[in-house]
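The values are calculated or read from the model by the stated rules, or taken from the named source; none is laboratory data. Source: prediction; values computed, not measured. Here the Cβ is made from the backbone with ideal geometry for all residues, glycine too, and neighbour counts use every protein chain on show.
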Amino acid sequence: MKTQRFVPSYLLLAYLLLLGLGPTSAWAANKDMVQLQTQVQQLQEQMSRMQQTFDERMGVMKNLVEQSTDAVNKISAAITTLQTSLEKQQADSGGHVDQISGQIQALNDTMDELKGRLAKVSKQLEDMQASQQNLSSQPSAPGGQPGQPPAPQAPPPDVLYNNALRDYNGAKNDIAAQEFSDYIKFYPNTDLTGNSYFYLAEIQFRQGNYQEAVQSYDQVLQNFPSGNKAAAAQLKKGFALIELGQKSAGILELRHVIQRYPRSNEALQARERLQKLGVSVTTAAKPSAGRPQ
């Protein structure tokens, strides 16, 4: 007679539980895989949208650059036309010289402002390109966050310069002087640094600080001799020296303006000032050897 073997009930229950857990674990793994694929697809869609937005902004920025460049070219042509008109009216300068001088100064200021805007647009374009390159170089892992750019240490150059020029034209001399000084401090080697020295000297001249004004005009002449404020800086340096009682040095500066920029508005102003002082436009020639003294 054979003996029947009975399986304990607790072993049977454990076996049934294992059979039930197998499909459950596989189902959980499949669910995680689907979620991961969904996240990857969403990330790819976000990248596509970002690329499309970047392309659109790049197109807008390029159009702005082209428009600003056209505006600068038109203003340059207008300045050239005014200077030509000024040359034709040298015979009867008088009040016309002052009027055209103001117009040229206003156009120069507008041109400086447009240059600042153009520099701002170019800077924004470069920042967008740099951001795109950084975004492309980062790994596309879910949940990753791009690094934050460092905080700027100074206002953007165009913003700082335009604010200073606006306050200067609004006769807010103290505020404008501080802003031009800040521009020189933070951006010592840009195209507008020479202009900042010039307007700082103009403020010092307005306030009667002629010695400081002479030093600021010298910064323009020594460091930015080819800038658009060089002729005006030498003219005003001559005026400041005369105000300081250094008449001979001032007359020499005015004569240099006429020699270096003979067809400029500054040369006309230098001639008028020399005439008021009762001196000749040029130095008297030394007598040649052999001629009677």
Checklist outcome for this item: Selection from region 167-185 of residues surrounded by 15 or more Cβ atoms within 10 Å (Cβ to Cβ) and over 22 Å from Gly208 (Cβ atoms) yields Asp182, Tyr183
Checklist entry - In this structure, does Arg49 turn out to be of a type outside the set (Asp, Glu), modelled with pLDDT of 75 or more and exposed (fewer than 11 other Cβ atoms within 10 Å of the Cβ)? => result yes
Next on the checklist: Scan region 102-112 and tell me whether some residue there is assigned to a helix (DSSP H, G or I), touching a helix residue (DSSP H, G or I) at 6+ places or on another chain (Cβ under 7 Å) and modelled with pLDDT under 70.
Outcome noted: yes
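From the list Gln90, Gln39, which residue is more than 25 Å from the chain's Cα centre (by Cα) and at pLDDT 70 or above?
Result: Gln39 is the single residue among Gln90, Gln39 that is more than 25 Å from the chain's Cα centre (by Cα) and at pLDDT 70 or above.
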Item to check | Members of region 264-285 found to be over 17 Å from Gln105 (Cβ atoms) and outside any helix (DSSP H, G or I), listed by number | outcome: Gly278, Val279, Ser280, Val281, Thr282, Thr283, Ala284, Ala285
Next on the checklist: Being within 18 Å of Gln105 (Cα to Cα) and modelled with pLDDT of 95 or more is the filter here; which residues of region 210-228 pass it?
Outcome noted: Tyr217, Val220
